[in-house]
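A.B. asks: Have a look at this one.
What follows draws every value from the coordinates through simple rules; no lab data is involved. Given the structure is predicted, the values throughout are model-derived calculations rather than measurements. Here the Cβ is made from the backbone with ideal geometry for all residues, glycine too, and neighbour counts use every protein chain on show.
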Amino acid sequence: MNLFARESWRQKSFLRLPDWLAKVPTDVAQEEARVRTVERDLGLPVRAVLLGVLYWYFYYSPWFEQVELLREGFQGIARVFFLIYALLNVGAGILLAGMNEVPFRLTREVVLALSLLDAFFLAALTILTGGFDSWLFWIFLVLVIRNALSMPDSTRQIVVNLVVTGSYATAGLSDTIMTQMEMDILDPLTLKALYPEGAEQATPESILLRLGLLLLLAACCYGVEVLFERQRRVEQESREVEQRQRQLESAGRLAAEIAHQLKNPLGIINNAAFTLQRTVKEGKTITQQIKIIREEVERSDRIITDLMGYARLVEGKVEKLDVVEELESALQQVFPAAVKYETRIVRDFAPALPPLLAQRSHLSLVLVNLLQNAREALNGAGQIEVSAHVGEGYSVEITIVDNGPGIPPDKLDKIFEPYFSTKEKGSGMGLAIVKHNTELYGGTVRVESTLGKGTKFVLQFPARTVFRLRR
């Protein structure tokens, strides 16, 4: 690999870093299932056993009475802390046992609080059991893994595991300070009686190794979580693409069959009725009936034309579309570089946007129509703000704002209707197509406008939806 290739690879890796560090969207049902398994089905029995063992150690074991001199003051505090810890665990255990009867949001917060409480309590025990050299270090590793399993939400997982690592570091440093104080204030005979083999302290190398191991495990757990979530999303998107394509093909075949069977007969009927109407000019009753026939035929013809439009949907292909790329492409079409428009384009695109599963032509038509309307409203001069962000429910929210003259309030409710236009030479189909194509994929479009200040269109597309045929 030459130098240029290496630099290019590093640059691409660096540019993709925000995608890896971005908040990983989680599936609520999957998260609830994991909490139920890890915290309730497995965690509650383990907690009950551990609380029983700790109770024996705190109140009956001679181990707790044999702590070093400066740690004796922690014995009473530790017992009180243990009682509080046990009571909180009992309360949390009751809630987890009945988690099906309470909102999952509350259960999620309880799991977060328990994870932090476990870290703090374990840190207190670490001070009493040797600091950095305590065998409880291995329990910290277990806590990191358990947090990763219980908290697929990337932000919570990272924060809690950093707190676990920080708790271990704080406990180790506290133990080191206490040991040094004992060596400074005690006389040699007491010190020798307390530490017959000398006060052994962990080496900087071993401390860094343990802290590094905790951080490395936390990073690996997060990385595995990201990989599994991305793989799950890829598989789900693949299934949705296949499902949408099958739906399009079925709708297209049905519409084409109906159009083929009825289009020609209706055309013949329409021509015959027209000829009959011209021939029988004197018979008003007959003419009236023929007029009704023609109106009904025309109405049926419009319905069939719409069905033929759905039939053409099968000609396209559902793809995984990058929202930012589609926006840039639409901007290039509406504002080509060769034409010098006096329009300032302000872009605000969030990183790591979820892809949309749609036909490229459908989304392009939506974006181009909105941008073209904004350009025409500004008459080529003004400012257009184009933004794309992650919305509620793992959706993509696209906003197009112009500072043009705005739309009168009495016309806002009609602008999406077919053949309604606020422009002198407008066909009235542009915004109707925008609404149709947006709702075709389960999305929504809304407009906000103030006279003299501009217009704002907001599109919201669910990143994971089933294709919808409008009736």
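A.B. asks: For GLY391, enumerate residues with amide H under 5 Å from its amide H, sequence gap 5+ or separate chain, H modeled in the peptide plane.
C.D. replies: The answer is VAL396, GLU397.
A.B. asks: Quick one: what are the phi-derived ³J(HN,Hα) couplings along the stretch 88-93, Karplus 6.51/-1.76/1.60 with θ = phi - 60°, whole Hz, x for glycine and proline?
C.D. replies: Here the 3J(HN,Hα) series is 5, 5, 5, x, 5, x Hz.
A.B. asks: Taking the beta-carbon count within 10 Å as an exposure proxy, list SER134, SER61 from fewest neighbours to most.
C.D. replies: Values: SER134 21, SER61 13.
The most exposed by this proxy come first: SER61, SER134.
A.B. asks: Between the stretch 27-56 and the stretch 118-174, what is the C-alpha centre distance in whole Å?
C.D. replies: Taking the Cα centre of each part, the stretch 27-56 and the stretch 118-174 sit 17 Å apart.
A.B. asks: Once you've got the Cα coordinates, tell me which of LYS411/LYS456; LYS414/LYS456; LYS411/LYS435; LYS340/LYS435; LYS411/LYS453 are over 20 Å apart.
C.D. replies: LYS340/LYS435
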